[in-house]
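Participant: What follows is a single structure, and I will ask about it in a moment.
None of the figures in this text is laboratory data; all of them are computed from the coordinates on show. This one's a predicted model, so the numbers in the text were calculated from it and none came from an experiment. Methodologically, a virtual Cβ is constructed for each residue, glycine included, from the backbone with ideal geometry; neighbour enumeration extends over all protein chains shown.
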Amino acid sequence: AQKVTQAQTEISVVEKEDVTLDCVYETRDTTYYLFWYKQPPSGELVFLIRRNSFDEQNEISGRYSWNFQKSTSSFNFTITASQVVDSAVYFCALIRRRNNAGNMLTFGGGTRLMVKP
Amino acid sequence: DSGVTQTPKHLITATGQRVTLRCSPRSGDLSVYWYQQSLDQGLQFLIQYYNGEERAKGNILERFSAQQFPDLHSELNLSSLELGDSALYFCASSQRQGGSNYGYTFGSGTRLTVV
């Protein structure tokens with residue numbers, strides 16, 4: 001069984017602060033993918049990043065960065081210099097690296113980020 | 001535009017009624033997944049279809065059913081609706097039945113309100 005835990009249900013920061021969203025996962029598989037999705041107030045799920053379990057390199061995309069640590073089963077997401085537009089619910093998710101039936105994304109409970117001006 | 005189309009975007013209906021949610025997958029994708037997002041349950045997997053056949057079931061109630069048609073669009077049927085069925089229902093699609101290589105592409109969701 002797989003499990004994704006986002007212990008922070010809600011975070012509030014002031015604009016320009018840095019913020020890190022935590023994600024811890026459990027899986028028995030050695031090969032898997034990890035994802036982050038953003039859900040703005042409008043409701044849609046926006047894909048942010050996919051990480052292969054073999055690739056532990058950290059990734060930076062603009063103000064966003066991701067820290068993948070297999071040793072601690074964590075895949076944390078940092079927003080640098082946060083902006084009001086970053087206010088959303090962020091989901092971490094995991095999927096096994098298989099193409100057989102029944103392999104589906106398992107989501108964490110989400111972290112609601114509120115960035116105040 | 002993700003390429004996955006869900007209709008309607010919003011739906012308000014009364015308890016006891018039946019509704020149908022529709023999903024058109026991204027061009028070339030054979031697999032369709034349905035997820036329910038309610039306030040207290042988070043994103044829960046309901047059911048998966050691949051090329052017209054049911055492939056996996058999650059926490060889907062017996063009052064709910066789905067199918068995937070030859071043109072690959074899918075419909076989620078919700079019957080005997082209860083207040084607790086109010087949620088955002090997402091459809092997602094992927095090329096293969098496992099969906100692992102690229103994850104899924106999500107539609108924008110159908111917000112169902114049961115009154």
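Participant: So, in the stretch A:19-55, exactly how many residues are over 20 Å from residue B:104 (Cα atoms) and crowded, with 16+ Cβ neighbours inside 10 Å?
Facilitator: 4
Participant: Condition test on residue A:95, is it farther than 27 Å from residue B:57 by Cβ, aliphatic (A, V, I, L, M) and within 14 Å of chain B (Cβ to nearest Cβ)? Outline the logic, then answer.
Facilitator: Values: farther than 27 Å from residue B:57 by Cβ: no; aliphatic (A, V, I, L, M): yes; within 14 Å of chain B (Cβ to nearest Cβ): yes.
Here the answer is no, as residue A:95 does not meet what is asked.
Participant: Using the structure shown, decide if residue A:16 is farther than 21 Å from residue A:116 by Cβ and surrounded by fewer than 16 Cβ atoms within 10 Å (Cβ to Cβ).
Facilitator: Numbers: farther than 21 Å from residue A:116 by Cβ: no; surrounded by fewer than 16 Cβ atoms within 10 Å (Cβ to Cβ): yes.
Judged against the criteria, residue A:16 is not a match.
Participant: Here is a further query. Only strands (runs of 3 or more DSSP E) wholly contained in the stretch A:65-117 count here; list those with 2 or more residues that are over 20 Å from residue A:3 (Cβ atoms). Show your work before the answer.
Facilitator: Working: elements: A:74-79, A:88-96, A:111-116.
Passing ranges, in order: A:74-79, A:111-116.
Participant: Working only within the stretch B:52-78, note down all residues that are in contact (Cβ under 8 Å) with a residue 40 or more places away in the chain and either surrounded by 15 or more Cβ atoms within 10 Å (Cβ to Cβ) or outside any strand (DSSP E or B) (or both).
Facilitator: Just the residues of the stretch B:52-78 that are in contact (Cβ under 8 Å) with a residue 40 or more places away in the chain, to begin with: B:55, B:72-78.
B:55, B:72, B:73, B:74, B:75, B:76, B:78, listed by residue number.
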